[in-house]
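The values are calculated or read from the model by the stated rules, or taken from the named source; none is laboratory data. All values reported here derive from a predicted model rather than from experimental measurement. Here the Cβ is made from the backbone with ideal geometry for all residues, glycine too, and neighbour counts use every protein chain on show. Only protein heavy atoms, including side chains, enter the accessible area calculation; ligands, DNA and RNA are left aside. Shrake-Rupley method; radii C 1.70, N 1.55, O 1.52, S 1.80 Å.
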Amino acid sequence: MDLISHLGLGLDTALTLTNLMYCLLGVFLGTAVGVLPGLGPTATIAMLLPATFTLPPISALIMLAGIYYGAQYGGSTTAILVNLPGESSSVVTAIDGYQMARKGHAGKALATAAIASFCAGTVATLLLALFAPPLADLALKFGPAEYFSLMVLGLVASVVLASGSLLNAIGMVILGLLLGLIGSDVNSGAARYTFDLPELADGINFVIVAMGMFGLGEIIRNLEHEETRSMAMKKVSGLMLNKNDFKRILAPIFRGTTLGAALGILPGGGAMLSSFAAYSIEKKISKNSGEFGKGAIEGVAAPEAANNAGAQTSFIPMLTLGIPSNPVMALMIGAMIIQGIQPGPSVMVDQPSLFWGLIVSMWIGNFFLIVLNLPMIGLWVRMIMVPYHHLFPAILMFCAIGVFSLNNSDFDVYLMGLFGLFGYICAKLDAEPAPMLLGFIIGPMMEEYLRRALLLSHSNPLVFFERPISATMLVMAILALAVVLLPSLRKKREEAFKED
Amino acid sequence: MPSFIRHPKDFWTGIIFLFVGLAAVIIGRNYVMGTAGKMGPAYFPTVLGGLLALIGVAAVIRSFFRDGEPIGRFAARETLLIISAVVLFGFLIRGAGMVVGVFAIVILSARASQKFKWRAAILLAAGLAGFSVLVFVKLLGLPIPVFGPWFGA
């Protein structure tokens, strides 16, 4: 069977000592930085990206994937222990997880989160292995017109699922697209928007934008109102679940996984949306719905499964189509380009060992999470308590050294400062930085496909509607926008985002 | 803030979009436009810039009719300290080297916190400088001098 031989190939790649080590290192670093206050997965990955540039491509990607789900798990840990979700997708986990911790069941909540994540990760990895090949086969038939429409659809979907004003989110996407065009034009070699600065001739490195907007911007925002973290318990014990607990979490994990896997493929807030949806479904159908909000174990299991499944399946569009569905995937695409790999369906065909190795390593990484994190909980607890005023100068320093090391250029450091300022202004104006980062990464590709599509069609703009796949995607994009603009649904959308 | 602006956040977001969009269009006039079938370097950015400017105008107009929260306090002091710490690091790193650069960025940025204490900040900076020299310079071999040419090295 194809699937088995593919996974076998992946196992061969992922199980080499080097790659196992980088997977472990990634999961460890990701969790460690993820439990630290004030750093979400995007900032974590941006900060650790430069460290992977010298690695071979497969090791770099394995490590980055490990950092991603490590950071996710770290975020859940802080959500449960101190009621401060590190990222939006663990907001829901904090509701019941923290209540469990307050009742002395912190260990149980953490174990539930780990088990739910692992189960969801296993299922989602299988789904990824099953659905990636047919999707990539389909994508191999795509011409420039299809790609352009796909990118439009991806960007529209990310905007629709972003919180806040739709108009502003579209503006942020276009702003990102424009920033992505800075540098030499691929076709003519003309320098665009470089203000005659030689440092801008190659364009702006995406790490600079990500660290500035997500790293520095966040730091300033956190400093607005410094808070001290306090934790009710000093020691976490009782990690074991009993039979009754297992019975209670089994079905929620299954439902959460299904929901998360489906929503994770969607561009935009897949992980966040899925954990939120999973929680509200459980609350409605659970026998113990009265306990929700007061420490229901189902309220931890379902959203954790959903958010982890979503995190895994968000790799599907990234790996098969080369389209990022969230800022983290945008960073992964940037990392692939730096490694000399052009993301898209050809990755699977040209570099099967890299493709399948990465997929299998995700499952291994999820396994590491469970065996590594539960015993190490004492260390994480200590890291959670690191006071922020000691932490942020260190984060800033790591960002500055990381950005400087990209090209040994002090100009890049200044540019990061500028994006930090802009990131903070955006935060003040409720303008989401995530759509901007997606646009920034996609910008140059989108222009290239648009050019080629119109060149091939002899400048007939109708080409996007004449080709069936392309037309379908554009119609879907228009429908998605129309649906959000309908007054009744608009209200629902605003309500859905209000609860977090 | 004049009273006809009812949604200040949207208003200023719109102004930023309008400004960037117009800048993209105006600067783009220096480049070759081309045609849809044979796009020059100016084509795509001009279209995008125009769109962005339109969205900006829409956001500004909308802010006159829709109510929104005021923009919260702008943490000017914190922003200034953080950004200048980063800029100072960039300025120092080549000439003065890793140790001075780390001390500068850590201590200057730490002052942005209300809990700043000299002793703790210096200890933190010393620890991070030691770590950076060990990991980044010695272990990872980044081409950053421990002490730069400004010290006559």
Practice problem: Enumerate the residues in the range B:109-140 having an amide nitrogen under 17 Å from the point lying 7 Å beyond the Cα of B:Arg77 toward its Cβ. | Solution: B:109-118
Quiz item: Using a 1.4 angstrom probe on protein heavy atoms only, which residues from the range B:2-29 are buried by at least 50 Å² of accessible area when all chains are present rather than their own chain alone?
Solution: B:Lys9, B:Thr13, B:Ile16, B:Phe17
Self-check item: Span from the the range A:393-407 Cα centroid across to the the range B:24-48 one, whole angstrom
Solution: 35
Quiz item: Can you give the calculated 222 nm mean residue ellipticity of chain A, where each DSSP H run of n ≥ 4 adds -39,500 (n - 2.57) and the sum is split over every residue, rounded to the nearest 500 deg cm²/dmol?
Solution: -24000 deg cm²/dmol
Quiz prompt | Separation between Cα centres of the range A:1-47 and the range A:278-313, rounded to whole Å | solution = 26
Quiz item: What are the DSSP H helices in chain B that stretch 20 Å or more along their long axis, judged by alpha-carbon atoms, and whose average Kyte-Doolittle hydropathy comes to at least -0.5?
Solution: B:8-28, B:43-62, B:76-93, B:118-132
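Once the Cβ-Cβ distance between A:Asp350 and A:Glu448 is put in as r, and R0 is 22 Å, what FRET efficiency do you end up with, to the nearest 0.05? Mind dumping the intermediate values first?
Details: r = 19 Å, r/R0 = 0.88.
Once rounded, the FRET efficiency stands at 0.70.
Could you compute the longest span of chain A free of trypsin sites (Lys or Arg not before Pro) located in DSSP loops and having at most 15 other Cβ atoms within 10 Å, not counting the site residues?
A:295-500
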Self-check item: Surface share of carbon and sulfur [accessible, 1.4 angstrom probe, percent] for chain B
Solution: 73
Self-check item: the range A:56-110 and the range A:239-269: distance between their alpha carbon centers, rounded to Å
Solution: 14
Quiz item: How much area per residue is accessible in the range B:58-153 when the probe is 1.4 Å and only protein heavy atoms are counted (Å²)?
Solution: 53
Self-check item: Pairs beyond 23 Å (Cα-Cα), from B:Lys115/B:Lys138; A:Lys247/A:Lys284; A:Lys103/B:Lys115; A:Lys108/B:Lys115; A:Lys103/A:Lys283
Solution: B:Lys115/B:Lys138; A:Lys103/B:Lys115; A:Lys108/B:Lys115
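For A:Met21 and A:Ile337, compute 0.36 nm times the residue count separating them, minus their Cα-Cα distance, and round to one decimal in nm. List each step's numbers first, then the result.
Values: separation 316, 0.36 × 316 = 113.76 nm, distance 2.32 nm.
The span from A:Met21 to A:Ile337 would gain 111.4 nm if fully extended.
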Self-check item: FRET efficiency estimate (nearest 0.05) - Cβ-Cβ, A:Arg102 to A:Glu226, R0 22 angstrom
Solution: 0.40
Quiz item: Quick one: length gained pulling A:Asp2 to A:Lys247 fully straight, 0.36 nm per residue minus the C-alpha distance?
Solution: 84.7 nm
Exercise. With unit charges on the beta carbon (Lys/Arg positive, Asp/Glu negative), name the residue among A:Gly104, A:Ile67, A:Phe367 whose Cα is farthest towards the positive pole of the charge dipole of the protein assembly as shown.
Key: A:Gly104
Quiz item: Chain pair B, A: how much accessible area is buried, both chains summed, with a 1.4 Å probe, in Å² to 100?
Solution: 5400
Quiz item: Could you sort A:Phe53, A:Phe464 by accessible area so the largest value comes first, with the probe set to 1.4 Å?
Solution: A:Phe53, A:Phe464
Quiz item: How much FRET efficiency would the formula 1/(1 + (r/R0)^6) give for B:Asp67 and B:Phe151, where r is the Cβ-Cβ distance and R0 is 56 Å, rounded to 0.05?
Solution: 0.45
